Amino acid sequence: MTMGMFIHDEVPTDEVERREKAVSALADSVRDLVDATIRTTVADDELAAVRAEVDGLVARLRTAQLPGPAGVRYNSEGRSWNWGNAVVGRGNAVAPPVDIVHDGFGSAYAEMTLGAAYEGPPGMVHGGVSALMLDQIMGETASGFRRLTMTGTLTLRYRRPLPLGPVRMEARIAHEEGRKITVEAQIGVRGEDAAVEATGLFLIPSWAPLAETEQGWSRSAEG
């Protein structure tokens, strides 16, 4: 991975925000479609009819699309967008999506609702989903939007099952040394003991500066 993989795109910020609203609205509907697909009990002929309609919609969207991954884009105004991210991506119906709140450098939290699409054991969040969510918030906490960080190691302790529904994550920087940042985090039901605890080592790549970086490409690159 190199800095060249972050795409400088001079789309004006107001246009980015307009497009983000449109992309988010579509992703919300697709997210509902995923949930409905999991839960539906309609007859097979109705499933076939819905599938034909969905295939037609996919074909319409395929008429104009990016080649390869969506990537991380930024403009000179300091606005970045990462709509394909699996956790915070506004255009990704796989993402809840998560809104991460930074309450000071080195500390962050997020609250989200995890529904049927994230189930592992019956009624519980899949353990890999918890790891995915924690990796994202820990990476953003390590970077603080001031530097580029990448996950080095991630250690998790599953203390108890995490039920589907509203959950909360918290993360904080525990230690820093040179290009190494240690972050501690947890996810669980608000007001209860953590279901999953995590410790991660995040690294500032040798090609990235240690100090505050250009805001645009650093803002959405964590994880």
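The values are calculated or read from the model by the stated rules, or taken from the named source; none is laboratory data. These numbers come from a predicted model, not from an experiment. Neighbour counts are summed over all protein chains in view; Cβ atoms, including those assigned to glycine, are modelled from backbone coordinates with ideal geometry. All accessible areas refer to the heavy atoms of the entire protein, side chains included, with ligands and DNA or RNA removed. Shrake-Rupley method; radii C 1.70, N 1.55, O 1.52, S 1.80 Å.
Only residues that are part of a helix (DSSP H, G or I) and open to solvent by less than 100 Å² (accessible area, probe 1.4 Å): list them for segment 48-83, please. Full working, then the answer.
Of the residues in segment 48-83, the ones part of a helix (DSSP H, G or I) are 48-61.
48, 49, 50, 52, 54, 55, 56, 57, 58, 59, listed by residue number.
Evaluate the following for residue 86: is it crowded, with 22+ Cβ neighbours inside 10 Å and not in a helix (DSSP H, G or I)? Break it down stepwise before answering.
Numbers: crowded, with 22+ Cβ neighbours inside 10 Å: no; not in a helix (DSSP H, G or I): yes.
No: the conditions fail for residue 86.
Could you please give the count of residues in segment 111-134 that are part of a helix (DSSP H, G or I), in contact with a helix residue (DSSP H, G or I) (Cβ under 8 Å, 6 or more places away or on another chain) and open to solvent by 20 Å² or more (accessible area, probe 1.4 Å)?
Initially, segment 111-134 is screened for residues part of a helix (DSSP H, G or I), giving 116-118, 127-134.
Within this subset, residues satisfying the condition of being in contact with a helix residue (DSSP H, G or I) (Cβ under 8 Å, 6 or more places away or on another chain) are 116-118, 129.
Narrowing further to those that are open to solvent by 20 Å² or more (accessible area, probe 1.4 Å): 117-118, 129.
Qualifying residue count for the region: 3.
So, residue 19, is that one basic (Lys, Arg) and farther than 30 Å from residue 144 by Cβ or not? Criteria not met by residue 19. For segment 169-189, the set of residues classified as over 19 Å from residue 112 (Cβ atoms), open to solvent by less than 70 Å² (accessible area, probe 1.4 Å) and not in a strand (DSSP E or B) consists of 178 only.
Residues in segment 31-47 that are over 26 Å from the mean Cα position of the chain (by Cα) and surrounded by 10 or more Cβ atoms within 10 Å (Cβ to Cβ): 40, 42, 46, 47.
Quick check on residue 152: is it open to solvent by 10 Å² or more (accessible area, probe 1.4 Å), of a type in the set (Gly, Ala, Ser) and either in contact with a strand residue (DSSP E or B) (Cβ under 8 Å, 6 or more places away or on another chain) or in a strand (DSSP E or B) (or both)? For residue 152, the condition - open to solvent by 10 Å² or more (accessible area, probe 1.4 Å), of a type in the set (Gly, Ala, Ser) and either in contact with a strand residue (DSSP E or B) (Cβ under 8 Å, 6 or more places away or on another chain) or in a strand (DSSP E or B) (or both) - is met. For segment 8-30, the set of residues classified as open to solvent by 90 Å² or more (accessible area, probe 1.4 Å) and among the charged types (D, E, K, R) consists of 10, 14, 18, 19, 21, listed by residue number. Summed over segment 101-132, residues that are under 22 Å from residue 32 (Cβ atoms) and under 14 Å from the mean Cα position of the chain (by Cα) total 8. Being of a type outside the set (A, V, I, L, M, F, W, C), in a strand (DSSP E or B) and open to solvent by 80 Å² or more (accessible area, probe 1.4 Å) holds for only one residue in 161, 166, and it is 166.
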